[in-house]
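Peer 1: Okay, here's the structure, questions in a sec.
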Amino acid sequence: MKESVKESEKESGEGVREGVREGVREGVNEGVREGVREGVNEGVREGVNEGVREGVDQQKRQTMDGTEDEGRLKTRNLQKAAERCLSDAESSYGACGCSSSSQTQ
């Protein structure tokens, strides 16, 4: 009788340990996925914002120089490049096995 109780306790202890290991594993994986998701989103946002700021500043300088049309063209090109960058980042993000539950703005 004592042996069956000890065996039962041993089995339940192993079940608890396995449950803890699985919980930790899932927690770490979810943390990594969320960290990657947030990092990609923040990096893309910062890159796009910086590119647009530089384009606007450049356009302002060129307008003062009398080269407004060229400035508009360069700004439009920067915006297109930023859109491609965002698209590439979203594609890479999907390739890492992450799902995009949050939207970048």
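No lab work stands behind these numbers, since they all come straight from the coordinates. All figures in this text were calculated on a predicted structure; none of them were measured in a lab. Cβ sites come from the backbone with ideal geometry, for glycine too, and all protein chains shown count toward neighbours.
Peer 1: Based on the Cβ-Cβ distance from Glu7 to Val36, what FRET efficiency comes out when R0 is 35 Å, to the nearest 0.05?
Peer 2: Result of the calculation: an efficiency of 0.20.
Peer 1: I would also like to ask the following. Can you give me the distance in nm between label points at Arg17 and Arg61, each placed 7 Å from the Cα along the Cα-to-Cβ direction?
Peer 2: Label-label distance for Arg17 and Arg61, simple model: 6.5 nm.
Peer 1: How many nm is it between the label spots at Cys85 and Arg45, if each spot is 7 Å from the Cα in line with the beta carbon?
Peer 2: 1.5 nm
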